[in-house]
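**Q** Just dropping this structure here.
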Amino acid sequence: MRSEDEKPDLKGVLWMLASVVLFAANTLLIRAASEVSGVGDGWMASLFRGFIGVVLLQVLYRKGRGLDWRRMFSSRMVVMRGVIGGAAIICFYITIVQIGAARATVINLTYPMFATVIAAFWLKEKIGLAKRVWLAVAFAGLVVFLSDGESAIKPSAWDLLALLGALAAGWVVVIIRKLRNDEHPATIYGSLAVCMLLMGLPSVGKLPQLPPAGLAFLAAGAFVVTFGQLIMTSAYQRLSIAHGSSLQMALPVVTAAGAFLFFGETFQAHELVGAVITLFAIWRVAGGKRVRSEK
């Protein structure tokens, strides 16, 4: 019996915050790779993340430690986790380069909003009145964020791609929720690594064009995001989904600070207002009160 409103475990909080820093670092490293090389795009980043992810999982979880490569091809749900998750991350990586690390991260962090709605239809999870109100507020903030600062909503094609990636990420969260009792976390994450490796294979021919700095940035990004995923998984073993998701809302702040310091990225006033409204509302959806206890 565990209370959802109990005080969060300190180690779990620190691990979750560490994963936020690593995810932000990965985003900024991909942006840096695109700055030093025109071929350091989302597809190339996916190739590196997939390859290094597969290698690290094989080193850390081989010999009966939970990793089952066969399940990644025989289980329909595991395959869906990899394909949809890979598509979501490629959308995110591409938009990092096209619209900036800060803006892409804010749009991507709308995925809990989509996950909540998808879970309501697919898993028949109930959405209380308070959540419905906050979801409406989050959507209104997103409209402001994507507007031209006056009255019209004018998202670019890259903004729409980022939203599509957020929708896919929300779907993946629901898939993982269905898989968590049947599959080992290493297998679940391994399906993503394999799919990203396969999706990135067409960019192998561009590897000779990468300058050493671009190669280093992409490799470093792949390492930190893999460990970020593993640390986040460990954190969720100590924290409720509500607490963990709420802490992940710090990601846009950390990423935006790094994007401002290293790339000079800024938000216009209406974008900042819309981002704050949306992220606060999603934080309320993710961190709101749950059922008192679970067995």
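**Q** How many residues are modelled with pLDDT of 80 or more, under 28 Å from I175 (Cα atoms) and open to solvent by 40 Å² or more (accessible area, probe 1.4 Å) if we restrict to segment 129-153?
**A** Number of matching residues: 10.
**Q** Related question: Considering only segment 159-214, state which residues are charged (D, E, K, R) and not in a helix (DSSP H, G or I).
**A** R180, D182, E183
**Q** Do any helices (runs of 4 or more DSSP H) entirely within segment 9-83 hold 3 or more residues that are open to solvent by less than 30 Å² (accessible area, probe 1.4 Å) and either of a type outside the set (S, T, N, Q) or free of Cβ contacts under 8 Å to residues at least 40 places away in the same chain (or both), and if so, which?
**A** In segment 9-83, the matching helices (runs of 4 or more DSSP H) lie at 10-36, 42-61.
**Q** Can you go through L167, L197 and tell me which one is in contact with a Phe, Trp or Tyr (Cβ under 8 Å, 6 or more places away or on another chain) and open to solvent by 50 Å² or more (accessible area, probe 1.4 Å)?
**A** L167
**Q** Based on what the data block shows, is A45 closer than 21 Å to P202 by Cα and among the hydrophobic types (A, V, I, L, M, F, W, C)?
**A** yes
**Q** Given the structure, is V174 closer than 30 Å to Y61 by Cβ and modelled with pLDDT of 80 or more? Step through it out loud before you land on a result.
**A** Details: closer than 30 Å to Y61 by Cβ: yes; modelled with pLDDT of 80 or more: yes.
It is true that V174 is closer than 30 Å to Y61 by Cβ and modelled with pLDDT of 80 or more.
**Q** From (1) crowded, with 22+ Cβ neighbours inside 10 Å; (2) at pLDDT below 85, pick out the condition that doesn't hold for N108.
**A** With (1) crowded, with 22+ Cβ neighbours inside 10 Å; (2) at pLDDT below 85 applied to N108, the lone miss is (2).
**Q** Determine, yes or no, whether I176 is touching a residue at least 60 places away in the same chain (Cβ under 8 Å) and either open to solvent by less than 20 Å² (accessible area, probe 1.4 Å) or polar (S, T, N, Q) (or both). Show your work before the answer.
**A** Details: touching a residue at least 60 places away in the same chain (Cβ under 8 Å): yes; either open to solvent by less than 20 Å² (accessible area, probe 1.4 Å) or polar (S, T, N, Q) (or both): no.
Here the answer is no, as I176 does not meet what is asked.
**Q** Kindly indicate the residue of segment 240-260 that is surrounded by fewer than 21 Cβ atoms within 10 Å (Cβ to Cβ) and modelled with pLDDT under 80 and also farthest from E271 (Cα to Cα) among those meeting that condition.
**A** S240
**Q** Does segment 228-238 include one or more residues that are assigned to a loop (DSSP other than H, G, I, E, B), open to solvent by 30 Å² or more (accessible area, probe 1.4 Å), under 25 Å from E125 (Cβ atoms) and in contact (Cβ under 8 Å) with a residue 24 or more places away in the chain?
**A** yes
**Q** Which condition breaks for L160 when tested against (1) open to solvent by 20 Å² or more (accessible area, probe 1.4 Å); (2) of a type outside the set (D, E, K, R); (3) over 25 Å from F145 (Cβ atoms)?
**A** The number of the failed condition is (3).
The values are calculated or read from the model by the stated rules, or taken from the named source; none is laboratory data. This is a predicted model, so every value here is computed, not measured. Here the Cβ is made from the backbone with ideal geometry for all residues, glycine too, and neighbour counts use every protein chain on show. SASA here: full protein model, heavy atoms, side chains in, ligands and nucleic acids out. Shrake-Rupley method; radii C 1.70, N 1.55, O 1.52, S 1.80 Å.
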